[in-house]
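> Handing you a structure now.
Just so you know, all these numbers are worked out from the coordinates, no wet-lab data involved. On a predicted model such as this, the values are computed, not experimentally measured, just so you know. Here the Cβ positions follow ideal geometry from the backbone for every residue, glycine too, while neighbour counts run over all protein chains shown.
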Amino acid sequence: MKKYCFGIDVGGTSIKCGLFQTDGLLLDKWEIPTRTADKGTAILPDVAETIAKKIVERDIDKDDVEGVGIGIPGPVNDKGEVFCAVNLYWGFTPVAKQLSDLTGLPARAGNDANVAALGEAWKGAAEGASDVIMVTLGTGVGGGIIVNGKMVSGHHGAGGEVGHASMDPNETDSCNCGNKGCLEQVASATGIVRTAKKELSASSDASVLRNVEILTAKDVLDAFKDGDPVAVRIMEKVGDELGRALAIFSCVVDPETIVVGGGVSKAGQPLIDCISKFYRQYAFSVCKETPIVLAKLGNDAGIYGSARLVLQDA
């Protein structure tokens, strides 16, 4: 008899939803808008409603549904409680309990980056690995850590926040988190642009980047792949910071695989090669050959990981 589960990935503008068989086969995926008005009070009821509709649409016996997992953009503890989710306008919210009450199904909740890492470890680039570090390079830098097949959430739900590792004690500008010198200030898409502007102002070397009116991370990455010398220096700085940060985390986790995802990872293998070079320079001896690979699941990583999250307790 087939069994099912749901994986939900809540974003600031849309909620990605997936219906899975418990063997990991994705049967259906869809999106609904994230209604953040009135402090996001409609978000979990909307999720419960779309799940109920899908069960009816697919003519599934509710007793055959193992549960629902959900990823949230904010710190989530191992009880499925969110202390704060700024983009959703939530304060403290017992997400897992509320979603279970609304759906009548077992529910688990985790940080969105952590569940994305769990998804990649289950059915993605690190499939079969029990110990994984994932870093997501987008507008910010997120991360997730998997140890013995389980997410590391931590006491405050901040486990895997690799983007806020302090990498530069001499930094004078503040990160969005309020600290200074975070990895995110260099290695995110906005950090790459920031690093590029510093490099361009510090030298007069010829570069195609000087002809770009509004500089983006994609401009830098494209120039890097084309061998532009200034872009190469910029990405060497980024690779150095990322490689060093991953080497530090590897001393704690000793991962089988390191996964790099997010929009910046679309730069592909040249970016991986750049990070790997510096990672091997800084890593502890037995960790030096740990493979660093590109994420495979893309925007679906969150729904896969959320589904896996609930199945771990099924």
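> In what sequence do I214, I51 fall when counting other Cβ within 10 Å, fewest first? It would help to have the intermediate numbers written out before the result.
Details: I214 6, I51 22.
The most exposed by this proxy come first: I214, I51.
> Here's something else I'd like to know. Can you figure out the FRET efficiency of D254 with D23, using R₀ = 25 Å and their beta-carbon distance, to the nearest 0.05?
0.30
> If I histogram all Cα-Cα distances within the chain using bins 20 Å wide from 0, what percent of pairs lands in each bin?
33, 53, 13, 0
> Multiplying the sequence separation of R35 and N299 by 0.36 nm and subtracting their Cα-Cα distance, what value in nm do you get?
So the chain would gain 93.1 nm between R35 and N299.
> Grab the beta carbon distance between A52 and D205, set R0 = 51 Å, and tell me the FRET efficiency rounded to 0.05. Could the numbers behind the result be given before it?
Working: r = 60 Å, r/R0 = 1.18.
About 0.25, to the nearest 0.05.
> For K197, which lysines qualify as cross-link partners when the Cα separation must be under 17 Å and same-chain residues fewer than eight apart are set aside?
K218, K237
> Grab the other residues whose beta carbon is less than 15 angstrom from that of A202, score K and R as +1, D and E as -1, and report the net.
Net charge around A202: +3.
> Something else about it: Find the centroid of the Cα atoms in segment 60-84 and in segment 153-196, then give the distance between the two in whole Å.
The distance from the Cα centre of segment 60-84 to that of segment 153-196 comes to 27 Å.
> How far, in nm, would the chain grow between D63 and K197 when pulled straight, counting 0.36 nm per residue and subtracting the alpha carbon separation?
Taking 0.36 nm per residue and subtracting the Cα distance, the gain is 42.6 nm.
> Go through 190-198, 303-311, 31-39, 67-75 and give me the packing order, highest mean Cβ count within 10 Å leading. Display every interim value, and only then the final one.
On the way: 190-198: 19.9, 303-311: 28.3, 31-39: 13.2, 67-75: 26.0.
Top of the packing list down: 303-311, 67-75, 190-198, 31-39.
> Still on this structure, I have one more. Pop a pseudo-label 7 angstrom from the Cα along the beta-carbon direction at both S174 and H156 and give the gap in nm to one decimal.
Placing both labels 7 Å along Cα→Cβ, they lie 1.6 nm apart.
> Can you find, among G163, I43, C5, the residue sitting farthest towards the positive end of the charge dipole of the chain, where Lys and Arg contribute +1 and Asp and Glu -1 at Cβ?
G163
> Using only Cα atoms, find the angle between the long axis of helix 189-202 and the longest principal axis of the chain, and express it within 0 to 90 degrees, rounded to the nearest 10.
Between the helix axis and the principal axis of the chain, the angle is about 10 degrees.
> Also, quick follow-up: Report the full-extension gain for the segment T216 to F83: residue separation times 0.36 nm, less the Cα-Cα distance, to one decimal in nm.
Stretched out fully, the T216 to F83 stretch lengthens by 44.6 nm.
> Counting pairs of alpha carbon atoms under 8 Å apart in space and at least six apart in sequence, what relative contact order in percent does segment 196-251 give?
32 percent
> Continuing with the same structure: Lys and Arg at +1, Asp and Glu at -1: add these up for the other residues within a Cβ distance under 15 Å of Q281 and post the number.
Counting the neighbours of Q281, the net charge comes to 0.
> Given the pairs K29/K288; K39/K79; K123/K225; K123/K277; K180/K288, which span a C-alpha to C-alpha distance of over 32 angstrom in this model?
Numbers: K29/K288 38 Å; K39/K79 22 Å; K123/K225 29 Å; K123/K277 27 Å; K180/K288 28 Å.
Pairs exceeding the cut-off: K29/K288.
> Provide the convex hull volume over Cα atoms per residue for segment 129-295, in Å³. Could you put the intermediate results ahead of the total?
Numbers: hull volume 18.7 nm³, N = 167.
It comes to 112 Å³ per residue, whole-number rounded.
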